[in-house]
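The values are calculated or read from the model by the stated rules, or taken from the named source; none is laboratory data. Everything quoted here is computed from the prediction, not taken from an experiment. Glycine also receives a Cβ, built like all others from the backbone with ideal geometry; neighbour counts cover every protein chain displayed.
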Amino acid sequence: MEPFSVTANIAAIITICGSVVKIAHDIFSAYVNAPVIIQSIYAETSVIAASFAQVQSLIELMPEAISSQLTSQPQLFTTFDIALTGCKMIGTLLETELQKVLPDSADPRDVDWSTKCRFILNEDTLNLWLQHIRGQQAGLTLLLQALQM
């Protein structure tokens with residue numbers, strides 16, 4: 001695994017996370033009594049982006065050491081690849097789901113009943129995505145610890 005290709009993938013994930021964070025923030029701002037799930041998605045996605053930024057920093061600081069570590073430990077390489085792929089996929093799908101409940105207007109007074117209904121209908125799906133995000137974050141934390149050893 002080339003450090004450059006890893007950093008490019010990580011940069012793409014950080015960008016996706018940034019988009020999810022912005023959409024979650026816009027939704028939270030638009031709803032007067034925004035559900036806690038939106039705030040949780042916002043927080044968890046922010047942590048994932050920060051974790052990947054830390055991994056990217058490690059790779060940029062020690063590209064040969066990280067490359068050697070991933071090459072010498074195939075299970076670590078596989079885990080890293082799965083984490084990258086999983087976070088990218090979940091981030092992209094979550095972004096799509098959040099777009100469905102994003103109000104047309106940022107003004108809370110303009111959020112109509114149909115927009116609120118869209119959110120209620122998608123709340124179970126968003127809860128499921130939140131669980132996926134939390135699983136990815138837990139795995140990413142372990143991966144980060146392994147890379148720092």
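Of note:
- Meets criteria (closer than 19 Å to residue 130 by Cα, modelled with pLDDT under 85 and out of contact with any strand residue (DSSP E or B) (no Cβ under 6 Å at 6 or more places or on another chain)) for residue 27: yes
- The range 10-34, residues that are closer than 14 Å to residue 101 by Cα and outside any helix (DSSP H, G or I): 31, 34
- Failed condition for residue 60, given (1) in contact (Cβ under 8 Å) with a residue 60 or more places away in the chain; (2) out of contact with any Lys or Arg (no Cβ under 7 Å at 6 or more places or on another chain); (3) surrounded by fewer than 20 Cβ atoms within 10 Å (Cβ to Cβ): (1)
- All positions within the range 63-82 that are exposed (fewer than 15 other Cβ atoms within 10 Å of the Cβ) and assigned to a helix (DSSP H, G or I): 64, 65, 68, 71, 72, 74, 75, 78, 81, 82
- Subset of the range 60-69 [hydrophobic (A, V, I, L, M, F, W, C) and more than 23 Å from the chain's Cα centre (by Cα)]: 61, 62, 65
- Condition met for residue 64 (under 21 Å from residue 138 (Cβ atoms), at pLDDT 85 or above and of a type in the set (Asp, Glu)): no
- Within the range 117-145, tally of residues that are aliphatic (A, V, I, L, M), surrounded by 14 or more Cβ atoms within 10 Å (Cβ to Cβ) and modelled with pLDDT under 80: 0
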